[in-house]
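Reviewing the structure listed below.
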Amino acid sequence: MQKLANLLLSSNDKLSLFVFFGLLSLDSLADWKDQTHLISKDGEECVVRALGNDPVLFRHKDPQRCVEWGLSNGLNTIVLAGEYIFDDRIDVPRPGVTLIVDEGAVFRLNPDTKHSTISFKASNPDYWGMIPFIYNKGHSDVRVLMFGELVKYRWETKERGRQTMPIIFDGRNTSGDCGLSGGMMLVTGRATDSFWLIDSSDVKVPIVALDTGPGASLVLEGCEDCSLGMIVNLAADPGGKSGETIDLNSRSIDITIERLIGERSYEIIDCNESHVIVDEAVSVGVPQKLFGRGPVSGPRFTDRRSFGTRSLNVRKTTVLNDAIEARLIHDVPTFPESLPQFTVKTTVEIDFEGNKKRRYSKAVQIDLRN
């Protein structure tokens, strides 16, 4: 009888646990759906809806207002395909949110409106103002996944100038340390300028892959403990040259990188007053220069103190002297069908004579329930 009682108790316990975890799963499913907003065009206006084509929750002619409303009122905001003209930058309003820009989304800046800028530390800081299209100022655990296109805007006179930058995570603060931590930046979309991390810690950057000829695909200043995956800068023209793959502008420590790929690069990595470990650096064709280790010079964004040292440890260097050209192949999800869990994969495919090829790939799994 005792054995039977124990067996029944065990069965009841298992059933209770099954029901308990089942309810947790349902709650989790409901939570991410309730916390997800979709942004789309509706004629000349932009609208915010919940999943499932529910009634419009918010409407405005300026998509900036819609994106910021979505981020303020939910954890996940997805901007669907369409052309969006912004009056000003997108300011991430709070920590712990995710912004996804769909592959078919194109962001442009309205040249006729007033724009919010950030400036370098310089003798004339207002001479050249940067306008981040997406600006995360001091908020931790923010994820920005960029699959779309950010169109560059530039305006200049003899006295001053303005230009857009795609995405900037900015942790500068009065304490002079890293003012934001955690989160992710992932880029398979199109932009012609660098993506930036400033005074940030423990930010993951699994993929930044560009073939538009930026000066550098990714720039870090004053960062700590950031884990980078595959960072790529390919030439804008077939068989051409690229700039820097990554620029460690100054004062970054404990940075790890899986793979850097450049095409006949000016420099694959520029390491100034920083400490970094790179698993592999790959040059498509003969590089102009592999690694730069220059002293700190010129204006900087970072508020971190100078420590005056640097170290660059590249564990493996691969130079593909006879490579002809390279291309990016992106396997990105469709939205909203792929939600809440999806995989992003980028492949660099390199051509050689005799129809030979070599491929380098990086895949990342994203789950909006986490």
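The condition of being in contact with a Phe, Trp or Tyr (Cβ under 6 Å, 6 or more places away or on another chain) and under 30 Å from Asp42 (Cβ atoms) holds for only one of Asp102, Asp112, that being Asp102.
In region 231-246, the residue that is farthest from Ala323 (Cα to Cα) out of those that are surrounded by 24 or more Cβ atoms within 10 Å (Cβ to Cβ) and touching an Asp or Glu at 6+ places or on another chain (Cβ under 6 Å) is Glu244. Name the residues in region 69-85 that are touching a Pro at 6+ places or on another chain (Cβ under 6 Å) and not hydroxyl-bearing (Ser, Thr, Tyr), would you? The answer is Leu71, and nothing else. Considering only residues that are over 24 Å from Thr36 (Cα atoms) and more than 19 Å from the chain's Cα centre (by Cα), which ones fall in region 329-361? Once the filter is applied, which keeps residues that are over 24 Å from Thr36 (Cα atoms) and more than 19 Å from the chain's Cα centre (by Cα), region 329-361 yields Glu349, Ile350, Asp351, Phe352, Glu353, Gly354, Asn355, Lys356, Lys357, Arg358, Arg359, Tyr360.
Tallying residues that are over 11 Å from the mean Cα position of the chain (by Cα) and either modelled with pLDDT under 95 or surrounded by fewer than 24 Cβ atoms within 10 Å (Cβ to Cβ) (or both) within region 194-206 yields 2. Scanning region 91-101 for residues that are in contact with a strand residue (DSSP E or B) (Cβ under 6 Å, 6 or more places away or on another chain) and assigned to a loop (DSSP other than H, G, I, E, B) turns up just one, Val92. Scanning region 150-163 for residues that are touching a residue at least 40 places away in the same chain (Cβ under 8 Å) and either over 13 Å from Phe86 (Cα atoms) or in a loop (DSSP other than H, G, I, E, B) (or both) yields a count of 5. For region 47-90, a residue qualifies if it is assigned to a strand (DSSP E or B), in contact with a Cys (Cβ under 8 Å, 6 or more places away or on another chain) and farther than 19 Å from Lys33 by Cβ, and the qualifying residues are Arg59, His60, Tyr84.
Close Cβ contacts (under 7 Å, 6 or more residues apart or on different chains) running from residues in region 343-364 that are more than 17 Å from Ser283 (Cβ to Cβ) to residues that are among the acidic types (Asp, Glu) and exposed (fewer than 15 other Cβ atoms within 10 Å of the Cβ) comprise Lys345/Asp331; Glu353/Asp322. Quick check: anything in region 290-312 at pLDDT 95 or above and not in a strand (DSSP E or B)? No, every residue in region 290-312 fails to be at pLDDT 95 or above and not in a strand (DSSP E or B). Of everything in region 339-363, what is farther than 19 Å from Ile207 by Cα and surrounded by 13 or more Cβ atoms within 10 Å (Cβ to Cβ)? Give them in sequence order. Residues satisfying the conditions are Leu339, Pro340, Asp351, Phe352.
Consider Thr334 carefully, then state whether it is among the hydroxyl-bearing types (Ser, Thr, Tyr), out of contact with any Pro (no Cβ under 7 Å at 6 or more places or on another chain), surrounded by 15 or more Cβ atoms within 10 Å (Cβ to Cβ) and modelled with pLDDT of 95 or more. When the stated conditions are applied, Thr334 does not pass them. Got at least one residue in region 113-132 being of a type in the set (A, V, I, L, M) and without any contact (Cβ under 8 Å) to a residue 40 or more places away in the chain? Taking every residue of region 113-132 in turn, at least one turns out to be of a type in the set (A, V, I, L, M) and without any contact (Cβ under 8 Å) to a residue 40 or more places away in the chain. Counting the residues of region 169-211 that are hydrophobic (A, V, I, L, M, F, W, C), touching a Leu at 6+ places or on another chain (Cβ under 8 Å) and not in a strand (DSSP E or B) gives 2.
Do the conditions hold for Arg59, that is, is it without any contact (Cβ under 8 Å) to a residue 60 or more places away in the chain and over 18 Å from the mean Cα position of the chain (by Cα)? Criteria met by Arg59. There is no residue in region 265-273 that is part of a loop (DSSP other than H, G, I, E, B) and surrounded by fewer than 13 Cβ atoms within 10 Å (Cβ to Cβ). Checking every residue in region 338-345 against the condition of being hydroxyl-bearing (Ser, Thr, Tyr) and modelled with pLDDT of 95 or more gives at least one match. Residue check: Ile261 meets all listed conditions (1) aliphatic (A, V, I, L, M); (2) under 21 Å from Ile207 (Cβ atoms); (3) out of contact with any Ser or Thr (no Cβ under 8 Å at 6 or more places or on another chain) but one, namely (3). A single member of Pro214, Pro166 is assigned to a loop (DSSP other than H, G, I, E, B) and either buried (at least 22 other Cβ atoms within 10 Å of the Cβ) or touching a His at 6+ places or on another chain (Cβ under 8 Å) (or both), and it is Pro214.
The values are calculated or read from the model by the stated rules, or taken from the named source; none is laboratory data. Being a predicted model, the structure only gives us computed values, none of them experimental. Here Cβ is always computed from backbone atoms with ideal geometry, including for glycine, and neighbour counts include all displayed protein chains.
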